[in-house]
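The numbers here are math on the coordinates, done by the rules we state, and not lab data. Predicted model only: the values in this text are computed from it and were never measured. In this analysis, Cβ positions are derived from the backbone assuming ideal geometry, glycine residues included, and neighbour counts consider all displayed protein chains.
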Amino acid sequence: MLTYILYGLFILSCIVLVVVILLQPGKADAGALFSNTLSSTAFGPRGTASLLAKITIGAGAAFMLIALTLGLPMLSGSRSVLQSDSAPAASPTPTPAASPAAPAASPAASQ
């Protein structure tokens, strides 16, 4: 049950992350990233972050934490391929089929 809740939160965080990133305004001039004189404006204002930036940070953190949590083997019930047992698991040996009942004495043997 917990796994389904985590998958739902994971998909919700993916959708929120995509929508919020697409809603954010882009940089005005792409060439400003490569010049020395405009370095203070290339990285944006140092003041308070906008609401979209805060939502992006929260959705990104939720995405990463939920992805790491879903990767834990205790939730999926599987084991790591790097783990080895001290003794290999014995495969069940097939039991021989019951032999059919011995046939009645043949008439040729009784003569």
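List, in order, the whole-Hz ³J(HN,Hα) value for each residue of the range 52-67 obtained from phi through the Karplus relation with A = 6.51, B = -1.76, C = 1.60 and θ = phi - 60°; use x for Gly and Pro.
My calculation for the range 52-67 gives 5, 5, 5, 5, 4, 5, x, 5, x, 5, 5, 4, 5, 5, 5, 4 Hz in order.
For labels at I57 and V18 in the simple 7 Å Cα→Cβ model, what's the distance in nm?
Result for the modelled spin labels: 2.5 nm.
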